[in-house]
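Before any comments, here is the structure.
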Amino acid sequence: VKFRRTGDSRRSDEDGPSGEHEVHIEGVRAELEPVELEDGAAVPKEFANPTDDTFVVEDAVEAIGFGKFQWKLSVITGLAWANAMEMMILSILAPQLHCEWRLPSWQVALLTSVVFVGMMSSSTLWGNISDQYGRKTGLKISVLWTLYYGILSGFAPVYSWILVLRGLVGFGIGGVPQSVTLYAEFLPMKARAKCILLIEVFWALGTVFEVLLAVLVMPTLGWRWLLVLSALPLLLFSGLCFWLPESARYDVLSGNQEKALSTLQRIATDNGAAMPLGKLVVSRQEDRGKMRDLFTPHFRWTTLLLWFIWFSNAFSYYGLVLLTTEFFQAGDVCSISSRRQEVKAKCSLTCEYLTEEDYTDLLWTTLSEFPGVLVTLWIIDRIGRKKTMALSFLVFSFCSLLLFLCVGRNVLTVLLFIARAFISGGFQAAYVYTPEVYPTATRALGLGTCSGMARVGALITPFIAQVMLESSVYLTLVVYSGCCLLAALASCFLPIETKGRGLQESSHKEWGQEMVGRGSHSPGGSQE
């Protein structure tokens, strides 16, 4: 019979490397049939934590496994993630207001930029709120904020009103990524990467649904109804969000042991699984949501490298979206310069409504998100998070360099499709890695600051993809390719690989002391 010492007991000199003792009992059959469980399956009651007298949230989440509760959580948090509709609507709303209100080009561009300004300014704030007052609280407030101002912007009488209201919508969207923080903290280790990537499918579905909604609504009801109807997923989330529990990891960290235990028991009941035996251990209470914790010696380089990776992701992703329109209208890269000269000769108030062909192109462009999800889903648990991000940046950079060739429209379409699929896949891998690498006390703030840096990249990229493009197509492509090469290096230099790791509970522990799988131990440290 093998057993493991737990609690406050100290390891003796006679203990083996794993801290296990072995006792031989005569008359007991030594050969036992092995029991194999599928990935994410609940541990049977007779095997759930049989020897421990205490357990932590990580133990409970692993023992309960993936089940009915996580499926419901996936749908509800996915509705919040479908706020992509509020982003996609910018490419549809801009030309419509340009024609209807006779806006000059700079005012149309400002309508898009103000949304990113709102997101950039609020991302850190929402992360701080989620760490201080709970993930559920931060997510609910940000979604209700976005819903309110999203509907209100449909009644804007003049340009100045819609400019302010869309900026406030952007302020609310900055908090929606916290749904990933809440979602990740309820997922068992083996299912975490796949589930976070699958929830990203809601982003792609939101963009596709927005284009289809525009095809139906714009010709008859107009842009005001489109703004109102685009808030439907958030409205549905608002009605269902009261079902959401607070993160048990957050409750334990904030000292609310009874509430955390109640949440875990609720999940176990939903999944039809057994709770671990013993007593839930309350982690050391820490200051939460402090910016200085992102720059401790353990996380300083991780934070700085992640900021650059997120910046490069958004810079390249939104830059490619802008370049795609320019390249398609010109026919190929070599014809882009002559086309820009023709555009300069036109009045800035020239009005061009979106046609059916334009909507079809938008739809095909958004569909490239799905292959990106599938590729990332296939490789992220095979080669790891860091290598997945690095590979995504390298493929995007290679496709950008191939655009130097005067390829035809068909080859151009394929290259742009591959580039967008991989850069969106890199974005999704970053959404998996970031909540995994930070401890519970700073997880939401870490994700929030990274999201804020992404919005900085989104703000800068129009000056490259549109302004610099007028001067030199090749210089523009070199900037995007070079940025992604540097981001690939940054991904490789990240000091922590989170593949196969449990979520870190305390910032006072070294990385690697958290659970890597039931019964595994870090050298020289005790398992939590």
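Computed quantities for the displayed model
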| read-out | value |
| --- | --- |
| Distance between modelled label sites at Phe242 and Ile383, nm, 7 Å Cα→Cβ extension | 4.8 |
| FRET efficiency, Ser121 to Leu232 (Cβ-Cβ, R0 35 Å, nearest 0.05) | 0.85 |
| 18 Å reach of a label modelled at Ala191, 7 Å along Cα-to-Cβ, counting backbone N of segment 56-98 | 57-79 |
| Calculated from backbone phi, Karplus (6.51, -1.76, 1.60) coupling profile of segment 475-484 in Hz, x at Gly/Pro | 5, 4, 5, 5, 4, 5, 5, x, 4, 6 |
| Net lengthening on full extension, Leu401/Val215 (0.36 nm per residue, minus Cα-Cα) | 63.5 nm |
| Potential extension, Lys68-Val158 segment - 0.36 nm per residue separation minus Cα distance | 27.7 nm |
| Assigned charges on the beta-carbon of Lys, Arg, Asp, Glu; segment 52-282 dipole about Cα centre (debye) | 460 |
| Sequence ranges 274-281, 161-168, ranked by mean other-Cβ count within 10 angstrom, highest first | 161-168, 274-281 |
| Solvent-accessible area per residue, Å², over segment 52-282 with all protein chains present [probe radius 1.4 Å] | 35 |
| Cut-off 12 Å, label 7 Å out along Cα→Cβ of Ser262, residues of segment 71-95 by amide N | none |
| Residue (of Thr269, Phe66, Trp145) at the positive-pole extreme of segment 52-282, dipole from beta-carbon charges | Trp145 |
| Rounded, prolate or oblate (a/c below 1.5 giving rounded, otherwise prolate when a/b exceeds b/c) for segment 112-239 by Cα gyration tensor | oblate |
| Cα-based shape type of segment 175-319, given that a ≥ b ≥ c are square roots of the gyration tensor eigenvalues and the cut on a/c is 1.5 | oblate |
| Under-5 Å amide H pairs with Phe55, H placed in peptide plane, nonlocal only | Lys279, Leu280, Val281 |
| Separation of alpha-carbon centers, segment 362-438 and segment 188-216, rounded to whole Å | 16 |
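The values are calculated or read from the model by the stated rules, or taken from the named source; none is laboratory data. Computed from a predicted structure; not experimentally measured. We place every Cβ from the backbone using ideal geometry, glycine too, and count neighbours over all the protein chains shown. For the accessible areas, the whole protein counts, side chains as well, though only heavy atoms, and no ligand, DNA or RNA atoms are used. Shrake-Rupley method; radii C 1.70, N 1.55, O 1.52, S 1.80 Å.
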